[in-house]
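Asker: Attaching a single structure in structure tokens format; questions to follow.
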Amino acid sequence: MRWRTSLQQYYFLSATCLLITLEAVPIDIDKTKVQNTQPVESAKIEPPDTGLYYDEYLKQVIDVLETDKHFREKLQKADIEEIKSGRLSKELDLVSHHVRTKLDELKRQEVGRLRMLIKAKLDSLQDIGMDHQALLKQFDHLNHMNPDKFESTDLDMLIKAATSDLEHYDKTRHEEFKKYEMMKEHERREYLKTLNEEKRKEEESKFEEMKKKHENHPKVNHPGSKDQLKEVWEETDGLDPNDFDPKTFFKLHDVNNDGFLDEQELEALFTKELEKVYDAQNEEDDMVEMEEERLRMREHVMSEVDTNKDRLVTLEEFLKATEKKEFLEPDSWETLDQQQFFTEEELKEYENIIALQEDELKKKADELQKQKEELQRQHDQLEAQKQEYHQAIQQMEQKKLQQGIAPSGTTGELKPHI
């Protein structure tokens with residue numbers, strides 16, 4: 001039995017990176033009559049990428065640890081604070097030797113990977129005399145002082161690093177999206193500068209036309225509202241809207257049947273709403289913006305429903321949310337096309353940063369060009385010297401022949417008479 005997606009699991013490493021085999025629940029009209037649904041073997045859902053730079057290492061450690069029965073049982077019984085405090089990490093001392101050996105090997109591989117990254121970065125900066133041990137300190141998901149052994153300290157550091165990083169992950173994604181939008185606008189304006197007045201007006205007109213086309217979409221239901229969930233119930237689940245039941249809905253979309261709606265299961269509920277606004281076939285629709293919209297919807301529902309802020313929704317939390325006024329009479333939902341991502345001041349500041357980066361890159365490019373030219377000059381000089389040397393040898397050989405002296409070898413030594 002694989003680890004169940006749970007509150008403990010999120011704080012153990014991440015609710016989004018558990019290597020669990022999720023089994024889909026069959027959906028049919030009789031589902032509304034069934035109280036205890038049983039999962040059947042079906043399509044397996046691949047574990048999502050956490051976005052962490054040590055994502056693969058994280059997943060491999062989880063995969064190995066879950067093979068140890070003792071550790072898995074301790075995890076299932078542990079509460080959040082026990083996991084976050086690091087007390088659970090001490091259980092690592094009791095896992096089997098086989099598991100510890102595998103963890104040791106994983107750590108050695110990860111340390112090797114990090115050292116390669118450091119070397120590649122320093123090589124690009126033409127740095128020498130690197131101190132790998134000192135540079136490894138910047139990575140806080142493992143104990144760099146002992147690169148060969150995976151200890152309880154390593155597990156503790158991995159738990160704390162993943163928990164902290166994932167808590168800030170959404171914020172980082174929003175910041176990256178903002179930069180993406182500013183770069184789009186910056187490039188558009190720079191392109192307009194290259195056009196004559198007539199072409200520029202055509203491009204501006206086309207831009208406004210595409211913007212209006214994108215904004216012309218059906219009404220988007222408020223995420224997490226009764227209208228939104230009923231639409232999923234009817235169009236995705238194929239059930240009669242008159243039979244809508246929150247408890248059954250929860251069980252239907254608790255895909256792995258673990259008693260929680262995690263972030264991925266929640267985000268899957270918004271697909272129908274997003275399809276009203278975005279179509280990959282339409283030039284005016286940006287799929288990066290669609291994923292930002294999905295993230296905003298999930299964050300909103302979590303803020304309304306997830307009362308204990310553990311990034312998982314229990315059945316109890318879900319049912320309580322359906323009793324609120326906001327569930328029945330929600331405010332209208334503002335999609336991204338109704339919002340301003342950045343101000344002119346922010347765009348100018350971002351463009352200044354880009355200009356500085358471009359200047360720095362230009363300086364490096366000029367320096368590399370100078371180095372290239374210097375290397376070429378030295379090469380040409382050596383070739384010229386080589387040519388002069390060969391000419392001098394040839395002239396000497398000719399003089400010797402004229403004087404009746406035996407020619408020299410290729411290195412200038414006299415050839416013996418035979």
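The values are calculated or read from the model by the stated rules, or taken from the named source; none is laboratory data. On a predicted model such as this, the values are computed, not experimentally measured, just so you know. Neighbour counts are summed over all protein chains in view; Cβ atoms, including those assigned to glycine, are modelled from backbone coordinates with ideal geometry. These area figures cover heavy atoms from the full protein model, side chains too; ligands, DNA and RNA do not enter into them. Shrake-Rupley method; radii C 1.70, N 1.55, O 1.52, S 1.80 Å.
Asker: Using the structure shown, decide if E215 is in contact with a helix residue (DSSP H, G or I) (Cβ under 8 Å, 6 or more places away or on another chain) and open to solvent by 40 Å² or more (accessible area, probe 1.4 Å).
Answerer: So E215 fits the description; yes.
Results for (1) modelled with pLDDT of 80 or more; (2) closer than 25 Å to D170 by Cβ; (3) in a helix (DSSP H, G or I); (4) small (G, A, S), shown as yes or no for each residue.
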{"position": "L52", "(1), (2), (3), (4)": "no, yes, no, no"}
{"position": "Q60", "(1), (2), (3), (4)": "yes, yes, yes, no"}
{"position": "H70", "(1), (2), (3), (4)": "yes, no, yes, no"}
{"position": "D93", "(1), (2), (3), (4)": "yes, no, yes, no"}
{"position": "Q109", "(1), (2), (3), (4)": "yes, no, yes, no"}
{"position": "M116", "(1), (2), (3), (4)": "yes, no, yes, no"}
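Asker: Let me ask you something else. So, in segment 171-224, of the ones that are closer than 17 Å to I353 by Cβ and either among the aromatic types (F, W, Y) or in a loop (DSSP other than H, G, I, E, B) (or both), which residue ends up nearest to the chain's Cα centre (by Cα)?
Answerer: Residue satisfying both the conditions and the ranking: F177.
Let's see how each residue does on (1) modelled with pLDDT of 90 or more; (2) within 30 Å of E175 (Cα to Cα):
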site: I354; (1), (2): yes, yes
site: L361; (1), (2): yes, yes
site: E367; (1), (2): yes, no
site: Q371; (1), (2): yes, no
site: E374; (1), (2): yes, no
site: L382; (1), (2): yes, no
site: Q391; (1), (2): no, no
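Asker: Looking only at segment 305-314, decide whether some residue is open to solvent by 40 Å² or more (accessible area, probe 1.4 Å), within 26 Å of the chain's Cα centre (by Cα) and touching a residue at least 24 places away in the same chain (Cβ under 8 Å).
Answerer: Yes, segment 305-314 contains at least one residue that is open to solvent by 40 Å² or more (accessible area, probe 1.4 Å), within 26 Å of the chain's Cα centre (by Cα) and touching a residue at least 24 places away in the same chain (Cβ under 8 Å).
Asker: Let me ask something else. Which one of these does N146 not meet: (1) closer than 18 Å to I83 by Cβ; (2) open to solvent by less than 60 Å² (accessible area, probe 1.4 Å)?
Answerer: So the condition that N146 fails would be (1).
Asker: More than 21 Å from E292 (Cβ to Cβ), out of contact with any Gly (no Cβ under 6 Å at 6 or more places or on another chain) and either touching a residue at least 12 places away in the same chain (Cβ under 8 Å) or open to solvent by 70 Å² or more (accessible area, probe 1.4 Å) (or both) - does that describe any residue in segment 162-178?
Answerer: Yes: segment 162-178 contains one or more residues that are more than 21 Å from E292 (Cβ to Cβ), out of contact with any Gly (no Cβ under 6 Å at 6 or more places or on another chain) and either touching a residue at least 12 places away in the same chain (Cβ under 8 Å) or open to solvent by 70 Å² or more (accessible area, probe 1.4 Å) (or both).
Asker: Would you say Q398 is open to solvent by 70 Å² or more (accessible area, probe 1.4 Å) and at pLDDT 80 or above?
Answerer: Yes.
Residues are listed down the side, and each one gets a yes or a no for (1) within 30 Å of H98 (Cβ to Cβ); (2) out of contact with any Phe, Trp or Tyr (no Cβ under 9 Å at 6 or more places or on another chain); (3) small (G, A, S):
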| position | (1), (2), (3) |
| --- | --- |
| L155 | yes, yes, no |
| I159 | yes, no, no |
| T163 | yes, no, no |
| D170 | no, yes, no |
| K206 | no, yes, no |
| G224 | no, no, yes |
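Asker: Out of the residues in segment 234-250 that are under 18 Å from E323 (Cβ atoms) and in a helix (DSSP H, G or I), state the one that is most open to solvent (accessible area, probe 1.4 Å).
Answerer: Going through the qualifying residues, I end up with K247.
Asker: Condition check: within 20 Å of E326 (Cβ to Cβ), modelled with pLDDT under 95 and touching a helix residue (DSSP H, G or I) at 6+ places or on another chain (Cβ under 8 Å). Does L266 satisfy that?
Answerer: Here the answer is yes, as L266 does meet what is asked.
Asker: Of the residues that sit in segment 333-372 and are polar (S, T, N, Q) and open to solvent by 100 Å² or more (accessible area, probe 1.4 Å), which one is nearest to L274 (Cα to Cα)?
Answerer: Checked segment 333-372; the qualifying residue nearest to L274 (Cα to Cα) is Q338.
Asker: Any chance segment 137-151 includes a residue that's in a helix (DSSP H, G or I) and either at pLDDT 95 or above or of a type in the set (A, V, I, L, M) (or both)?
Answerer: no
Asker: Tell me which residues, restricted to segment 251-271, are among the aliphatic types (A, V, I, L, M) and open to solvent by less than 40 Å² (accessible area, probe 1.4 Å).
Answerer: Result: L252, V255, L261, L266, L269.
Asker: Tally time: how many residues in segment 284-301 are crowded, with 20+ Cβ neighbours inside 10 Å and hydrophobic (A, V, I, L, M, F, W, C)?
Answerer: The number of residues fulfilling the criteria is 2.
Asker: List, please: which pairs have Cβ atoms under 7 Å, are six or more places apart or on different chains, and start with a residue in segment 209-235 that is farther than 21 Å from Q340 by Cβ and free of Cβ contacts under 8 Å to residues at least 60 places away in the same chain and end with one that is part of a helix (DSSP H, G or I) and open to solvent by 50 Å² or more (accessible area, probe 1.4 Å)?
Answerer: Note: pairs meeting the criteria are E231/K272; V232/K272; E235/K272.
Asker: Tell me whether segment 186-204 contains one or more residues that are under 24 Å from E273 (Cα atoms) and either hydroxyl-bearing (S, T, Y) or open to solvent by 80 Å² or more (accessible area, probe 1.4 Å) (or both).
Answerer: no
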